[in-house]
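This report concerns only the one structure given below.
Just so it is clear, none of the values below were taken in a lab; they were calculated from the coordinates. All of these numbers come straight from a predicted model, not from anything done at the bench. For neighbour counting, all protein chains shown are included, and Cβ atoms are generated from backbone atoms with ideal geometry for every residue, glycine included.
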Ligand code: PLP
């Protein structure tokens, strides 16, 4: 038996969602063709996007392989990419950043992990600081960031009913104000899983909390501006002394290549660069140069605005129509307002509904969905009235249309069966 440290035990444990992803991998490996996977977090395969990345990568590999891939580079990131980030963000947003404000990492997930290790955790004799998610549900990948048990905590949302079939979460700022021992604040916008986008006033209030606690607010723009622009409206990232903005190429079509970057005040970024040096040395360089070229030539912007954004807008409209047409009228289902992102977040407001029961039932129908509870931190410790933590599920907009259509039809059947057996 391996003797694991306390953090070793924590990190080698499978969190709920990771277990489900394994489940998906195992079931689909045997015979992928008859499973309908509505749980995927991959970006959609859009031919134009794949062709553009593949051809640019081939050019860069042919011209610059030796310079990028045959030698180590700086932990902050390749100067060509860092300079291009500085130029393009200053031009877009009127900022005044320099290379000192930028760190490139192997995907944004690693940057969140680094920030968590730097800004949260044990901080002195009796002091312990948590990563606080100002609104749950939020990205399930945040739940495992801390090496410490209970190192991540989330604030339950307020719920607003916005129409017969729609709803929207709101921040509970008072609960956030009461929250003790904050080490850093973290949220995705547009959000995975809900699709909610933060507005300017909300961002100002969160920054105000961060400033008063003197902690960083990390804003994860994986789906937002300036790319991939899977968002209904463009919410510009904000420069502030207490904000670290994170960006990634993943949802713009390169999830497996692991290139993301953070922009923030020098005092935070310098520690992140040192952590990079101590842990992974630096991010892969061939793709850093590809990213630099895609930014400087305008390719990334044009893919985002003329291909990726319209693709997801149309797809969302299509899935909304499907849900309205196929889900039973007699069931009280609601869809979270879609302000961006790659998912639909559904709430089934009935006592008989349980997200895990639906997940299991759908597996017997060869459909994967993601049970909602994995997007809440410690759902069982939430207030008893917060039943929505077990009454939601997520489906993805990215599978092919016929897969989504058949999958939603089977979900409709599954809901009727669940109601019948309760
Ligand atoms: N942030 C959000 C909100 C995500 O949904 C994901 C992936 O699903 C990530 C970050 C991971 O990004 P990366 O590939 O840059 O690590």
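Note on the range 180-297: antiparallel DSSP beta bridges, both residues inside, total approximately 35 percent of the bridges counted. Residues 368, 393, 167, arranged from fewest to most other Cβ atoms within 10 angstrom of their Cβ, appear as 167, 368, 393. Of the residues 40, 348, 331, the one with the fewest other Cβ atoms within 10 Å heads the list, and the complete ranking is 331, 40, 348. Angle, helix 355-364 long axis vs. longest principal axis of the chain, Cα atoms, 0 to 90°, nearest 10? Once rounded, the angle reads 80 degrees. The angle separating the long axis of helix 16-30 from the principal Cα axis of greatest extent in the chain is about 80 degrees.
Which value in Å is the Kirkwood Rh of the range 67-297 over different Cα pairs?
Details: mean 1/r = 0.0554 Å⁻¹.
Hydrodynamic radius (Kirkwood, Cα pairs) of the range 67-297 is 18.0 Å.
Only alpha carbons enter this Debye calculation for the chain, each as an equal point scatterer, and the log10 of I(q)/I(0) it gives at q = 0.07, 0.11, 0.14 Å⁻¹ is -0.33, -0.85, -1.38. For the range 115-240, the C-alpha radius of gyration divided by 2.2 N^0.38 Å, with N the number of residues, is 1.07. Each of 242, 336 was scored by other Cβ atoms within 10 Å of its Cβ. Listed from fewest to most, they are 242, 336. Compared with the dominant Cα axis of the chain, that is its longest principal axis, helix 108-119 is turned about 80°. Residues considered: 360, 168, 76. Largest GNM mean-square fluctuation over the chain, using C-alpha springs under 10 Å, is found at 360.
Cα centroid separation, the range 149-163 to the range 31-92: 33 Å. Each part reduced to its alpha carbon centroid, the range 224-264 and the range 315-366 end up 28 Å apart. Taken along its principal axes, the alpha carbon cloud of the range 229-381 reaches lengths of 54, 41, 32 Å, longest axis first. The range 68-131 gives an Rg/Rh value of 1.12, both radii derived from C-alpha positions and Rh following Kirkwood. Mean sequence separation of contacting Cα pairs (under 8 Å, at least six apart), scaled by the length of the chain, corresponds to a relative contact order of 23 percent. Counting only DSSP beta bridges with both residues in the chain, the antiparallel share comes to about 60 percent.
Starting from the Cα gyration tensor of the range 203-292, take the square roots of the eigenvalues, sort them a ≥ b ≥ c, and report rounded, prolate or oblate (rounded when a/c is under 1.5, otherwise prolate if a/b is larger than b/c, else oblate). Because a/c hits 1.5 or more and a/b fails to exceed b/c, the range 203-292 counts as oblate.
Antiparallel as a % of all DSSP beta bridges within the range 67-297, to the nearest 5? Of those bridges, close to 50 percent are antiparallel. Which residue, 189, 197, 166, has the most motion in a Gaussian network model of the chain that connects Cα atoms within less than 10 Å? Evaluated over the chain, the most mobile residue of the options is 166. Listed peptides 102-108, 42-48 appear in the order 102-108, 42-48 once ranked by packing, highest mean of other Cβ atoms within 10 Å at the front.
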